[in-house]
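Presented below is the structure to which this report refers.
The values are calculated or read from the model by the stated rules, or taken from the named source; none is laboratory data. Remember, it's a predicted structure, so these values are computed and weren't measured experimentally. No Cβ is skipped: glycine too gets one built from the backbone with ideal geometry, and neighbour counts run over all protein chains shown. Only protein heavy atoms, including side chains, enter the accessible area calculation; ligands, DNA and RNA are left aside. Shrake-Rupley method; radii C 1.70, N 1.55, O 1.52, S 1.80 Å.
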Amino acid sequence: MAAAEREAEAKGRECSKEEARRRLRELDVADKFSRLPLPKASVLLPLVVRAGRLCLLLTLRAPQLRRSPGEVCFPGGKSEENDKDEIDTALREAKEEVGLPPEKVEVICRLVPGIDKMNHLVTPVVGFIEDTFQATPNPDEVSDVFVMPLEYFIRPLNYMALPYKTSSGYLTWMHCFTYHDHERNKSFKIWGLTAHFAVFLALVVFRTKPTFEVDYDLDNLISSAESKFMNLYASVNEKKKSNL
Ligand SMILES: CC(C)(COP(=O)(O)O)[C@@H](O)C(=O)NCCC(=O)NCCSC(=O)CCC(=O)O
Ligand SMILES: Nc1ncnc2c1ncn2[C@@H]1O[C@H](COP(=O)(O)O)[C@@H](OP(=O)(O)O)[C@H]1O
Ligand SMILES: [Mg+2]
């Protein structure tokens, strides 16, 4: 590749990274949901530029894990006593699981949280990692690490929406993507909570209507995401009350 072309490509990458940063910061929820009375977990949504495209790094959970073995998820886990906030938890877990040094992550924002089947408040923390990062998966927790284009979460080649009832009885749709990594000739299924975070991230970054249905108002992403979350949170509380 000629030097001028390389320079133009690098410039393009910088611009799109810059724009992604700006769009993501606009949707930062910071500590808005931090005081909700639920046990907490965090995930890191690691953005990386590969071949000029914004990509996401994901993990395949080890088969011997008690919870969600063999499922695709982001690096992350439950909050520990010494974590000062959700960002700390996400960075500590990413170091433990894929060997990502916290100082090599440019944290951009926290997005609207989700609630998992154990009723943890799960906060997605978005950060850029260096393009050259090579993961060292911890085999106790992670059996594989892969990188895929963020754009796949708005323009997938293989997508299904599955009806889903949350643990609190809240009825919703669950995204289910199958991504084939041609270089490694391996397919990965990204669904549930992980797909929910990836789709929202892609919507924030690309601000484009996806090729499938989403229940967000694209002109009011933040307020629609927050009200969707608050409905889910209310249903969790209702369920707790009815179990008393
Ligand atoms: C919630 C967790 C971040 C906690 O981390 P830990 O390592 O302590 O287990 C993590 O379990 C997680 O990311 N879970 C979701 C994994 C996922 O998306 N699986 C695919 C579909 S199942 C689903 O989405 C139901 C929701 C759930 O609670 O898992
Ligand atoms: N068989 C196993 N071997 C190693 N770690 C395990 C494990 N089963 C669970 N864990 C880890 O122990 C923590 C608590 O798991 P559980 O939810 O099953 O109680 C989680 O870590 P993180 O929260 O640090 O990611 C989980 O990944
Ligand atoms: Mg974990």
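Taking the Cα centre of the range 158-244 as origin, work out the dipole magnitude from +1 charges on Lys and Arg Cβ and -1 charges on Asp and Glu Cβ, in debye rounded to 20. Numbers along the way, then the final one.
Numbers: 10 positive and 8 negative charges, 71 e Å.
Computed about the Cα centre, the dipole is about 340 debye.
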Here FRET efficiency (C-beta to C-beta, ASN82 to SER167, R₀ 41 Å, nearest 0.05) is 0.90
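Suppose R0 equals 35 Å. What FRET efficiency, 1/(1 + (r/R0)^6) with r the Cβ-Cβ distance, do ASN119 and THR178 give to the nearest 0.05? Show your work: numbers first, answer last.
Values: r = 28 Å, r/R0 = 0.81.
Approximately 0.80, to the nearest 0.05.
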Sorting check: for 36-49, 133-146, which peptide has the highest mean count of neighbouring beta carbons within 10 Å, and how do the rest follow?
36-49, 133-146
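Which net charge results for the neighbourhood of THR172, defined as the other residues with beta-carbon distances under 11 angstrom from its beta-carbon, given Lys and Arg at +1 and Asp and Glu at -1?
Working: positive: LYS165, LYS228; negative: ASP215.
After counting each charged neighbour, the total is +1.
FRET efficiency for GLU106 and MET230, Cβ-Cβ distance as r, R0 = 22 Å, nearest 0.05? Mind showing how you got there, number by number?
Details: r = 30 Å, r/R0 = 1.35.
Step by step, r from the Cβ atoms, then E = 0.15.
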The rounded separation in angstrom of the Cα centers of the range 190-207 and the range 36-52 is 11 Å
Which of the aspartates and glutamates could a cross-linker span from LYS78 if the Cα-Cα distance has to be under 13 Å and same-chain partners fewer than 8 positions apart are dropped?
GLU86, ASP88, GLU93, GLU96, GLU97, ASP116
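What is the percent carbon and sulfur in the accessible area of the chain, measuring with a 1.4 Å probe over the protein chains and ignoring ligands? Display every interim value, and only then the final one.
Details: 6610 of 12710 Å².
The computed percentage sits at 52.
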Computed over the range 12-243: relative contact order in percent, which uses C-alpha pairs under 8 Å that are six or more apart:
20 percent
With the 1.4 Å probe rolled over protein heavy atoms, the chain has an accessible area per residue in Å² of 52 Å²
Gain upon complete extension [ALA30, SER242; 0.36 nm per residue less C-alpha separation]
73.2 nm
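Excluding ASN82 itself, calculate the net charge of residues whose Cβ lies under 15 Å from the Cβ of ASN82, where each Lys or Arg counts +1 and each Asp or Glu counts -1. Show your work: numbers first, answer last.
Details: positive: LYS40, LYS78, LYS84, ARG92, LYS95; negative: GLU80, GLU81, ASP83, ASP85, GLU86, ASP88, GLU93, GLU96.
Spelling it out: positives minus negatives among the neighbours equals -3.
Tally Lys/Arg at +1 and Asp/Glu at -1 over every other residue whose Cβ is under 13 Å from the Cβ of ARG207; what's the total?
Details: positive: ARG22, ARG23, LYS209; negative: GLU19, GLU26, GLU151, ASP217, ASP219.
Net charge around ARG207: -2.
Taking Rh as the Kirkwood radius computed over C-alpha pairs, what is the Stokes-Einstein D of the chain at 10 °C in a medium of viscosity 1.306 mPa s, expressed in µm² per second? List each step's numbers first, then the result.
Working: Rh = 18.6 Å.
Result for D is 85 µm²/s.
Want the number for GLN134 to SER223: 0.36 nm per residue separation, take away the alpha-carbon distance, what's left? Numbers along the way, then the final one.
On the way: separation 89, 0.36 × 89 = 32.04 nm, distance 3.65 nm.
So the extension gain works out to 28.4 nm.
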Past the 24 Å Cα-Cα mark, which pairs from LYS117/LYS209; LYS84/LYS228; LYS40/LYS117; LYS84/LYS165; LYS40/LYS239?
LYS117/LYS209; LYS84/LYS228; LYS84/LYS165
Based on DSSP H runs of at least 4 residues, each adding -39500 (n - 2.57), what is the mean residue ellipticity at 222 nm of the chain after dividing by all its residues, to the nearest 500 deg cm²/dmol?
-10500 deg cm²/dmol
